[in-house]
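Heads up: the structure comes next, in structure tokens.
The values are calculated or read from the model by the stated rules, or taken from the named source; none is laboratory data. Every value quoted in this text rests on a predicted model; they were computed, and no experiment measured them. Here the Cβ is made from the backbone with ideal geometry for all residues, glycine too, and neighbour counts use every protein chain on show. Side chains included, ligands, DNA and RNA excluded: accessible areas come from the protein's heavy atoms. Shrake-Rupley method; radii C 1.70, N 1.55, O 1.52, S 1.80 Å.
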Amino acid sequence: VSGMAWGQGELIATPASVARMAAGVANNGVLMPNRYVMQISDSTLGLGEGIRIAKDTQYAQLLTSYMTQQSANRRSTFGIPVAGKTGTPERIWKGRRINDGWYVFFAPKQSGGGHVVVCIRVEGTRGSSSAVRLAGRHVIPQLQALGYIKGFAP
């Protein structure tokens, strides 16, 4: 358990699954059903009920606060305050130890309620700083330019 808590060992997750979990945090502890299949034949599927992943919304708010604080020192890189978490999971492939750099973040939508969630994975890098740089140089500016996100209120 200690190894998992510190992010060591195998990571069995995809960027989409990590982003989905972060979306549950951003949505006050409610994991919304995926929308990968929206129609079967001529039948449109309705949006199902969300799954509560936190007994109390305070847990999700505490994680959001932690993620916002962790990313606060990157505001000059990002241009806006976001809620994010870094990670550098190790994996073994063909007998070689490899580090991947991860950065998952969310920011309020420019208009309407809710958040936009992004997870970046850079394979075979020294650490999460490469994923953070990619977010700051390309992803966040593009999302802002397209009118998708704004920063959290200071």
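Of note:
- Karplus-derived 3J(HN,Hα) values for segment 26-35, using 6.51 cos²θ - 1.76 cosθ + 1.60 with θ = phi - 60°, are 4, 9, 6, x, 10, 8, 7, x, 5, 10 Hz; glycine and proline are entered as x.
- Pairwise Lys count, the chain - Cα closer than 23 Å, eight or more residues apart or different chains: 4
- Rounded percent of accessible protein surface that carbon and sulfur make up, the chain, 1.4 Å probe: 55 percent
- In a DSSP loop and with at most 12 other Cβ atoms within 10 Å, the trypsin sites (Lys or Arg not before Pro) in segment 46-143 are 55, 94, 126.
- Gyration tensor (alpha-carbon) shape descriptor, segment 52-142, a/c threshold 1.5: oblate
- For residue 149, the amide hydrogen comes within under 5 Å of the amide hydrogens of 110, 144, counting only partners 5 or more places away or on other chains and with H modelled in the peptide plane.
- If only the Cβ of Lys and Arg carry +1 and only the Cβ of Asp and Glu carry -1, the dipole of the chain around its Cα centre is close to 480 debye.
- Around the amide H of residue 116, modelled in the peptide plane, lie the amide H atoms of 107, 109, all under 5 Å away and 5 or more residues distant in sequence or on another chain.
- The residues of segment 23-88 expose on average 67 square angstrom of accessible surface per residue, using a 1.4 Å probe on protein heavy atoms.
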